[in-house]
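Read through the structure below, which is laid out as C-alpha cells, and then see the notes.
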Amino acid sequence: MSMISPKILLFTLSIAFIAAVVSFDVTSAQTATPLPSPTVTPPSIKPSPTPDDSDEVIKVDTELVNLSVRVVDRNNRPINNLRQSEFKIFEDGVQQQIEFFSQAEVPTNYAVVVDNSGSMRPQLDKVIEAGKVFVNANRPEDETMIVRFVGRDKIEIEQPFTSNKTDLIDALENLFIEGGQTAVIDAVYLTVENVDSYEKNERDDRKRRALILVTDGEDRNSYYSEKQLMELLRESEVQIYAIGFVDQLSNEGGFISKSPQAKAKALLEKMASETGGKAYFPTSAAELPRLAQEISSEIRTQYSIGYIPTNDRRDGTFRSIRVTIADGPNSQKRIAVTRAGRTAEGGNPGGGKPVPSEKNQ
C-alpha cells in the first residue's frame with residue numbers, strides 16, 4: 001500500500017480547516033436576530049435632476065425660513081387681509097426682517113394619513129367621505145398622497161403624490177380595516193419626512209406642506225419615540241392637522257400615569273401645536289365632512305412669510321419662533337398661529353429618516 005505524501009496530507013487538512021471556518025461564519029450569520037425597525041423601502045419617486053457642472057449656477061449660502069401663519073381672533077375665527085407691516089417675527093427673542101410675504105393661495109402638497117386598525121372600523125366610511133372632501137377641494141397645482149397604517153410593518157402609500165383626483169378617490173375607496181398594534185408615531189414620522197422632501201429641491205420653492213391624520217391617537221407599537229418625532233417636526237415645514245377619535249379610549253389612568261385617552265389627546269395636540277397646525281376631537285364620525293371643509297379652507301387661507309435668520313450659525317440647535325400682530329380696530333385681539341420653532345441646518349436630530357413603503361400596485 002502506497003504512503004500519502006506529507007505535503008498532500010498537510011494540503012488536505014488546510015482545506016478542511018478553511019471549510020469548517022466558512023461554515024461556522026455562515027451559520028452564525030443565519031442565526032443572528034435583527035433589531036426591529038419600521039418598513040423603510042422607499043417609494044418610486046422620480047429624483048430631482050442633478051444640474052450639469054457646465055451650467056453657471058450661483059449658490060447663495062443663506063437659509064430662508066418659510067412660515068405658514070394662521071391668524072385668528074379670540075373666538076378662533078380667521079382674520080384675513082392683513083398687511084406685512086402688521087406682523088413681527090422673533091427668533092429666540094430677536095426680531096427678524098421679513099423677506100417674503102403673501103396671502104395669495106400657493107400650491108399645497110399634503111398627505112392624508114388614515115389609521116386602519118380595528119378600533120377605527122365604525123368611522124371608516126365617514127373617513128373615506130371626508131377624504132373625498134379634501135381631494136375635491138384641491139386646486140390644479142395641489143398634490144396629495146394617501147397613506148394607510150396599522151402597525152410598524154404596515155405603513156403603506158396607497159397613492160403616491162398626484163394631482164389626479166380619480167386616482168386619489170380610488171385609493172381612498174380601497175382602504176380597509178385589519179388587526180394590529182397601532183403605530184401612530186411611526187406613521188407620522190415616516191410620512192412627514194416624505195412630504196417635507198417631495199419637490200423640495202425646486203428653485204424658489206413656495207409650496208405649503210401639510211399632513212392630515214385621522215386616528216384614535218393611541219400608540220401601541222411604534223419604533224420611534226415621541227421625542228424623536230418632535231425633533232423631526234422641528235426641522236420640517238409640514239403642518240399637522242390631527243382628527244382624533246379619543247372618546248372611545250379608556251379615561252381611567254394609574255396613580256402616576258395618564259389614561260390612554262389623555263395620552264392620545266396630548267400626543268395629537270402636541271404634534272399640531274409644534275407645527276402650527278390644529279387638533280380636532282369630534283364626538284362622532286358625522287362631524288368629519290364639516291371638519292374636512294374647515295381644514296381645507298385653513299390650509300389654503302394662511303399667510304406665507306419668509307425670513308433669513310440673523311443667527312446664521314449652522315449648528316443644528318433649536319430656535320424658538322414667535323409671530324406677533326398688532327391689535328385691530330376697537331382693540332381686536334389678533335392671534336398668530338405658526339410652528340413653535342425650527343432646528344437649524346447642520347445637525348441630524350431626526351436620525352435615519354426613512355420613508356414609508358409604497359404598496360405594490
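May I ask you to give the average projected area over all directions of the convex hull of the Cα atoms of segment 113-236, in nm² rounded to one decimal? Could you put the intermediate results ahead of the total?
Details: hull surface 30.6 nm².
Its average projected convex-hull area is 7.7 nm².
Taking every pair of alpha-carbon atoms in segment 248-302, give the share separated by more than 18 Å as a whole percent.
On the way: 709 of 1485 pairs.
Taking all Cα-Cα pairs of segment 248-302, the fraction more than 18 Å apart is 48 percent.
Compute and list, largest first, the equivalent-ellipsoid semi-axes of segment 182-258 from the alpha carbon gyration tensor, each √(5λ) rounded to a whole angstrom.
On the way: eigenvalues 175, 35, 20 Å².
Semi-axes (√(5λ), whole Å): 30, 13, 10.
What is the distance in Å between the Cα centres of segment 252-277 and segment 93-138?
21 Å
Sticking with the crude label model, points 7 Å out along Cα→Cβ, report the distance from residue 98 to residue 181 in nm, one decimal please.
Inter-label distance under the simple model: 4.9 nm.
Given a Förster radius of 30 Å and the C-beta distance between residue 284 and residue 162 as r, what FRET efficiency does 1/(1 + (r/R0)^6) yield to the nearest 0.05?
Numbers: r = 31 Å, r/R0 = 1.04.
Using R0 = 30 Å, I get an efficiency of 0.45.
Run the numbers on segment 91-205 and let me know its relative contact order in percent, using alpha-carbon pairs under 8 Å that are six or more apart.
Details: 144 pairs, mean separation 33.2, N = 115.
About 29 percent, as a whole number.
What's the local net charge at residue 282, with K and R +1, D and E -1, over the other residues with C-beta under 12 Å away? List each step's numbers first, then the result.
Details: positive: 126, 290; negative: 216, 247, 287, 294.
Once positives and negatives cancel, what remains is -2.
With r defined as the distance between the Cβ atoms of residue 64 and residue 252 and R0 fixed at 45 Å, what FRET efficiency is calculated, to the nearest 0.05? Provide the component values of the computation, followed by the final result.
On the way: r = 48 Å, r/R0 = 1.07.
That gives a FRET efficiency of 0.40.
Let me test this: with uniform point scatterers at the alpha carbons of segment 205-328, what is the Debye-based log₁₀ I(q)/I(0) at q = 0.10, 0.18, 0.20, 0.22 1/Å?
With one equal scatterer per Cα and no solvent, log10 I(q)/I(0) is -0.41, -1.11, -1.25, -1.37.
Read-outs throughout are calculated quantities, based only on the coordinates presented, and are distinct from any laboratory measurement. Here the structure is a predicted model, which means the values were calculated and not measured. Here Cβ is always computed from backbone atoms with ideal geometry, including for glycine, and neighbour counts include all displayed protein chains.
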